[in-house]
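The values are calculated or read from the model by the stated rules, or taken from the named source; none is laboratory data. Keep in mind that this is a model prediction, so the values were computed, not measured. Cβ sites come from the backbone with ideal geometry, for glycine too, and all protein chains shown count toward neighbours.
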Ligand code: NAP
């Protein structure tokens, strides 16, 4: 069966050591991409992602970078170009939570979540945009959240960062369309990862009760949507937000 990507396509996936990021990295590899596996600090989890990427018969590279720092995000893109010569796909997946009610949320927790989720996405997009524009070719997929569309009590910082990613995606899509660089977002619903494992059983039950398809999503569900949007199968799609949430918000 033919693959979604031409051999030699290069993809960067941020926060790819575990969870949704790992699933995206492996899916892109499975569909023919060489994959740059970004992690905050190199560890066994990142090495396992790399192993799974290379098992698909493509090349992989681990690059340590805290995407919330502009110079590290630039170094990440530079490392990808130094190794592979070009970057075709950027997936901004790295993200954190620091939940709390608005009345008690500290400015530090508000700013940290904005800086990693929204700032990190901006930093990587800024670094990758110039080479993509020069090549008149590229696809960027940003991971937002249904929380960025609908809001969520106890996640004002996270929701603001994910809503910001939607505005950033649409603005960049308008700026870059003439240069043949597409920018889209995927907004996952409730997906089984370390991030959601931190929720109480009660909170999980309440959430699942509102999911039309009646089940928690898997990281693979997000990876499939990302691979599609990053590929030429989506060559006429830009500036869109694809919700992958089992019908949580319709
Ligand atoms: P996760 O299991 O907590 O993984 C997050 C990844 O991001 C980790 O590998 C983490 O690295 C990395 N990361 C965090 N800060 C970083 C930074 N400053 N620089 C580089 N990497 C960084 O989360 P997940 O559930 O897979 O979520 C992945 C993305 O999907 C996030 O953007 C999240 O907001 C979004 N999302 C998730 C859900 C869900 O239900 N799970 C729903 C909607 C949206 P370390 O290993 O070093 O911590």
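Annotations for the structure displayed:
- Taken as a whole, the range 179-192 holds no residue that is surrounded by fewer than 19 Cβ atoms within 10 Å (Cβ to Cβ), under 20 Å from residue 140 (Cα atoms), touching a strand residue (DSSP E or B) at 6+ places or on another chain (Cβ under 9 Å) and free of Cβ contacts under 8 Å to residues at least 12 places away in the same chain.
- Any chance residue 72 is assigned to a helix (DSSP H, G or I), more than 16 Å from residue 162 (Cβ to Cβ), more than 15 Å from the chain's Cα centre (by Cα) and near the ligand (Cβ under 9 Å from one of its atoms): yes
- Residues that are touching a helix residue (DSSP H, G or I) at 6+ places or on another chain (Cβ under 8 Å) and near the ligand (Cβ under 9 Å from one of its atoms) within the range 25-48 comprise 38, 39, 45, listed in sequence order.
- Flag for residue 49 being within 18 Å of the chain's Cα centre (by Cα) and either assigned to a helix (DSSP H, G or I) or within 18 Å of residue 82 (Cα to Cα) (or both): yes
- Failed condition for residue 42, given (1) touching a strand residue (DSSP E or B) at 6+ places or on another chain (Cβ under 6 Å); (2) closer than 22 Å to residue 139 by Cβ: (2)
- Of the helices (runs of 4 or more DSSP H) lying entirely inside the range 79-156, the ones with 2 or more residues being surrounded by fewer than 14 Cβ atoms within 10 Å (Cβ to Cβ), at pLDDT 95 or above and over 19 Å from the mean Cα position of the chain (by Cα) are found at 107-113, 120-135.
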